[in-house]
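J.: Handing you a structure now.
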Amino acid sequence: AGTEESLARCNVSGTAPAPTGSPEEVAVVCSGSRRVRLAGGPGRCAGRVELYANGTWATACQDTWDLPDATVVCRQLGCGTALAAPGAGHFGAGVGTPWPDAGGCAGTEVSIWACPGSARSDCRRGGGAGAVCSDQLSLRLAGGSGRCAGRLEVLHNGTWGGVCANGTSPATATAACRQLGCGGGGRLEPAPPGDTAPAWLAWVGCEKGTHWLWRCPSAPWRLQDCGPGGDAHVACDEDTDGTSGTPTPSPGVPSSTALTAAVGSVPVSTVLCVVLGTLLFLALGALAVQMCCARARRRGGSWGWVPGQSRFGGPGAPAPGSGSEGDPGATHGPHGPG
């Protein structure tokens with residue numbers, strides 16, 4: 001009934017059947033048991049760390065989560081060693097209240113539950129701490145000068161296969177490089193002659209900003225011949241030794257990478273100075289125009305006159321040069337003197 005204190009007190013009706021030679025195992029999961037899993041990733045050995053305790057799953061807090069914590073989780077799950085301990089940006093924050101006391105491991109513990117914890121009662125950055133274990137590496141660049149350049153290959157059903165270059169987007173190279181820890185960018189390169197190994201994927205359409213190849217759409221998985229386009233080859237911007245794989249731009253040809261780096265290297269203070277200087281120049285120009293207009297209006301008020309009013313005297317006073325004073329050099333209008 002569920003209220004008994006032990007199985008011996010349970011009421012069993014009938015006779016227990018004899019063993020059939022293939023006994024079935026019965027598993028029981030208690031509410032007080034503790035478990036850990038990696039969720040939201042490409043497989044069981046990469047994803048968001050989720051902890052089960054007191055009948056509820058909760059994500060691990062990001063505040064103090066680090067590589068030693070991920071190392072313990074990977075060891076506990078039988079997934080090898082930890083390669084990375086990403087935050088919520090990789091696998092999502094998950095749902096529910098984050099577990100604030102997760103982490104604080106030295107990296108040698110056999111279980112996350114054996115770690116001393118962070119002794120925190122709140123989680124400022126939220127949940128979503130993740131782990132990427134070595135056994136999840138089902139992606140590689142083969143046949144190149146190093147692990148960050150070569151033929152793009154994926155592991156499926158225990159077999160390595162390539163990715164066809166036909167229909168594969170340029171952002172796919174960047175996603176593969178980021179997933180392999182080979183820098184933040186990459187590019188597709190032409191396949192060498194004679195490289196006709198079978199491929200698992202084609203038309204892989206990663207979008208800009210993607211960090212994982214497994215989140216990109218593609219044609220269905222199947223072993224196939226890539227045809228004239230050949231396999232996709234990738235060269236990452238940064239190799240494991242820290243050297244850059246970005247080609248030097250040709251003279252006279254602008255490089256988008258170089259332009260981006262130049263724009264990103266301008267200090268914010270310089271940009272603010274340019275903007276403020278431009279605004280000040282426009283304000284001074286407008287002020288100068290207003291001063292010129294005001295000066296012109298003042299001149300018009302001092303020298304302008306109307307018919308019947310003297311410029312120098314009262315009404316009716318003769319104007320200089322009008323000829324009314326008998327000036328021999330006076331000139332008259334078009335009709336001449338009367």
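Readers should treat all values here as calculations from the given coordinates under stated rules, not as data from a laboratory. Since we're looking at a predicted model, the values are computed, not measured. Backbone-built Cβ (ideal geometry, glycine too); neighbour counts: all protein chains shown.
J.: Along the charge dipole of region 138-245, which of Ser218, Ala149, Ala176 sits closest to the positive end, that is, farthest toward it, with unit charges on the beta carbon of Lys, Arg, Asp and Glu (+1, +1, -1, -1)?
T.: Projecting each Cα onto the dipole axis, the largest value belongs to Ser218.
J.: Local charge sum around Ala88 (other residues, Cβ-Cβ under 11 Å, Lys/Arg +1, Asp/Glu -1)? Could you put the intermediate results ahead of the total?
T.: Details: positive: Arg48, Arg125; negative: none.
Spelling it out: positives minus negatives among the neighbours equals +2.
J.: Find how many whole Å separate the alpha carbon centroid of region 146-163 from the alpha carbon centroid of region 193-223.
T.: 10 Å
J.: Let me ask something else about it. Could you give the nm distance between label points at Arg297 and Thr97, where each point is 7 Å from its Cα heading toward the beta carbon?
T.: 7.1 nm
J.: Can you work out ³J(HN,Hα) from phi for every residue in region 162-167, in order, using Karplus 6.51 cos²θ - 1.76 cosθ + 1.60 and θ = phi - 60°, giving whole Hz and x for Gly and Pro?
T.: Those phi angles translate into x, 10, 5, 6, 5, x Hz.
J.: Would you kindly state how much longer the chain becomes between Glu207 and Arg124 on full extension, computed as 0.36 nm times their sequence separation minus their alpha carbon distance, in nm to one decimal?
T.: In short, 26.8 nm is gained.
J.: Starting from the Cα of Glu189, move 7 Å in the Cα-to-Cβ direction to define the label point; list residues of region 142-161 whose amide nitrogen is under 13 Å from there.
T.: 142-152
J.: In nm, what is the difference between 0.36 nm times the number of residues separating Arg35 and Trp214 and their Cα-Cα distance?
T.: Result for the pair: 61.9 nm of gain on full extension.
J.: Ranking Trp160, Trp65 by Cβ neighbours within 10 Å, fewest first, what do you get?
T.: Values: Trp160 16, Trp65 26.
With the fewest neighbours first, Trp160, Trp65 line up as Trp160, Trp65.
J.: Can you figure out the FRET efficiency of Asp66 with Thr270, using R₀ = 45 Å and their beta-carbon distance, to the nearest 0.05?
T.: For R0 = 45 Å, the calculated efficiency reads 0.80.
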